Structure formats: structure tokens, C-alpha cells
1. Just to be sure before I move on: is residue 148 loosely packed, with under 15 Cβ neighbours inside 10 Å and modelled with pLDDT of 85 or more in the structure I sent?
2. Which one of 62, 90, 48 is closer than 30 Å to residue 147 by Cα and either within 16 Å of the ligand (Cβ to nearest atom) or at pLDDT 90 or above (or both)?
3. Restricting to the stretch 10-32, name every residue that is free of Cβ contacts under 8 Å to residues at least 60 places away in the same chain, within 9 Å of the ligand (Cβ to nearest atom) and assigned to a loop (DSSP other than H, G, I, E, B).
4. Taking the condition of being over 17 Å from the mean Cα position of the chain (by Cα), in contact (Cβ under 8 Å) with a residue 40 or more places away in the chain and part of a loop (DSSP other than H, G, I, E, B), how many residues in the stretch 198-210 meet it?
5. Within 26 Å of residue 174 (Cα to Cα), more than 16 Å from the ligand (Cβ to nearest atom) and either in contact with a strand residue (DSSP E or B) (Cβ under 8 Å, 6 or more places away or on another chain) or modelled with pLDDT of 95 or more (or both): does that describe residue 1?
6. Looking at residue 114, is it under 18 Å from residue 225 (Cα atoms) and at pLDDT below 90?
7. Pick out the one residue from 195, 173 that is surrounded by fewer than 16 Cβ atoms within 10 Å (Cβ to Cβ), farther than 30 Å from residue 76 by Cα and touching a residue at least 12 places away in the same chain (Cβ under 8 Å).
8. Quick one: is residue 40 closer than 30 Å to residue 76 by Cβ, out of contact with any strand residue (DSSP E or B) (no Cβ under 7 Å at 6 or more places or on another chain) and either at pLDDT below 95 or within 16 Å of the ligand (Cβ to nearest atom) (or both)?
Ligand SMILES: [Zn+2]
């Protein structure tokens, strides 16, 4: 990344929903929902869209991701979080250099000469798009096929040269399940923002968001074809599309590309499955 600090585009506010988009309640306090977390630079806002109970659930997994494995990228890109935590300004980072004889050597490196990377999990094609592995009610969680590496700051070659090293070892502890639920939340929020509320029992994602179901691999994955257009200089790209099924069902598929200009994977999720009545 050459830019240090993302200019925050203007916030876009959709019309108020007036109901919790997760449990459907219309009573009690309803708060604004960011479609993409504010902590990732998201600017789309759904007003009056979450009750306090559901907000407690969603903010928990979002925080795990924001303060966890995505934190380094957020810092490197200068994205500010929901609360402007005053964190001590880092001046040095400890990095583990791999010596030519494969011995690991830890060294303090000035921040501007350090290698910063963020990993994003690459997932298989989700069951609803995969004729070989169609959705199964007993499916659990997700599999990971690879990791995309987004590199910030110093070029890797430049960074290792002064240390006569051949590489850098970077360890990441990733909260994959929290990340998957965050993807589901983004997709569901965007669906409601662009297409309006719908019967929540037609959402395969809401139970995953609320933690009552774990069959994410049926509905959440990555897709290799049809990458989202990169004609817009957006930080993240979202796109919804109605897929005609076998005549018995109709599905809305949502594509999400985070940090789109970095050539990352495109996530695809089923945000609504509607079974058509067969007369
Ligand atoms: Zn709710």
C-alpha cells in the first residue's frame, strides 16, 4: 500500500428499518448497524436495525476480528475504530528473521522498516453452489483452502536485506469462526439495505450470525469466477444477485471482496433461500 491512511468517504445512510434485522423485534431500542464494520472503514449505515440483545452478540465477534488478526492491517491502513482508543504509538516491532541456515533470529525493527501482513482465509465453494458437495444440515463450520496475504509497508526484500536473512516468520492467530460470522453479518445487512426486510426464516445466515447454527460451509465460501468489477476505487466491494434455482427455489447470492484492490479472494454467501410453491 502506498497510501497511508484511507480517506473516509461520506457515510451513506439507508432509510430506517424499524425492526431488528436479526430477530425481527420492533420493540425496545433499535440501534444503527454498519453493513461493513466501521472498524474496517465501512460507510454504509442501516438506521434502527438492531436490538440490544442482538447487538451484544454481533459486537462480540466483530471485536474479536477487529482487535485480533485484522488489527495489523487496520493500523497499517490508518483505519480508525468505533472508539478512538488512544493506543501508544509503536516505534519498534519484534520480527522473527529466518537466517540462511534456517535459524530463527528475533530482532527489534523500527516500525517503518518492518514487514506488516494481514491474512484472509480462502474458503472452498459453498455447498449451495457446489453440485458435488450440496448443503447438508449436519455440516459444521468451514474448511480453509489457503490464505491470502496482504502486505503493507516495507517491501519484503528491502526489509530482510539489512539482517542478511532469507525470510521473515509471521505467526497469526485467526479467529476463523468469528470472521465467518462477520461475513454473514455483512451479507445479511447489505441484503436488507438493498432489498428490504424479508421473512427471517428464509435467511440461512441469521442463525449463523446469532450462533444457533454452525452449517456455514453450506452457505458461505469463496468463488473463483466472476470477480467483482474493479472499476470503482472502493476499499471493499459488495454485490447482490438473484440466482434462479432448479425451479423449486430461488436464492440471493452476495459477493464480498474485502480490501478489493489487494487482489483478495471473493467471498460468496447465500443471503436468502426462497422455496417457490409448486402448485
Ligand atoms: Zn434482535
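The values are calculated or read from the model by the stated rules, or taken from the named source; none is laboratory data. Keep in mind it's a predicted model, so treat the numbers as computed, not measured. FYI the Cβ positions are ideal-geometry reconstructions off the backbone, even for glycines, and counts take in every protein chain you see.
1. Numbers: loosely packed, with under 15 Cβ neighbours inside 10 Å: no; modelled with pLDDT of 85 or more: yes.
No: the conditions fail for residue 148.
2. Details: 90 fails: either within 16 Å of the ligand (Cβ to nearest atom) or at pLDDT 90 or above (or both); 48 fails: closer than 30 Å to residue 147 by Cα.
Of 62, 90, 48, the one residue that is closer than 30 Å to residue 147 by Cα and either within 16 Å of the ligand (Cβ to nearest atom) or at pLDDT 90 or above (or both) is 62.
3. Here is the first cut: in the stretch 10-32, the residues free of Cβ contacts under 8 Å to residues at least 60 places away in the same chain are 10-13, 15-16, 18, 20, 25-32.
Applying the additional criterion that residues be within 9 Å of the ligand (Cβ to nearest atom) yields 20, 25, 28, 30.
Once the filter is applied, which keeps residues that are free of Cβ contacts under 8 Å to residues at least 60 places away in the same chain, within 9 Å of the ligand (Cβ to nearest atom) and assigned to a loop (DSSP other than H, G, I, E, B), the stretch 10-32 yields 20, 25, 28.
4. Step one: list which residues in the stretch 198-210 are over 17 Å from the mean Cα position of the chain (by Cα), which gives 198-204, 207.
Still in the list and also in contact (Cβ under 8 Å) with a residue 40 or more places away in the chain: 198, 200, 202-204.
After this cut, where a residue has to be part of a loop (DSSP other than H, G, I, E, B) as well, the list is 198, 203-204.
Going through the stretch 198-210 one residue at a time, the tally reaches 3.
5. In short, yes.
6. Details: under 18 Å from residue 225 (Cα atoms): no; at pLDDT below 90: yes.
Considered against the rule, which asks whether it is under 18 Å from residue 225 (Cα atoms) and at pLDDT below 90, residue 114 comes out as no.
7. On the way: 173 fails: farther than 30 Å from residue 76 by Cα.
Within the list 195, 173, the selection yields 195.
8. Details: closer than 30 Å to residue 76 by Cβ: yes; out of contact with any strand residue (DSSP E or B) (no Cβ under 7 Å at 6 or more places or on another chain): yes; either at pLDDT below 95 or within 16 Å of the ligand (Cβ to nearest atom) (or both): yes.
So residue 40 passes the test.
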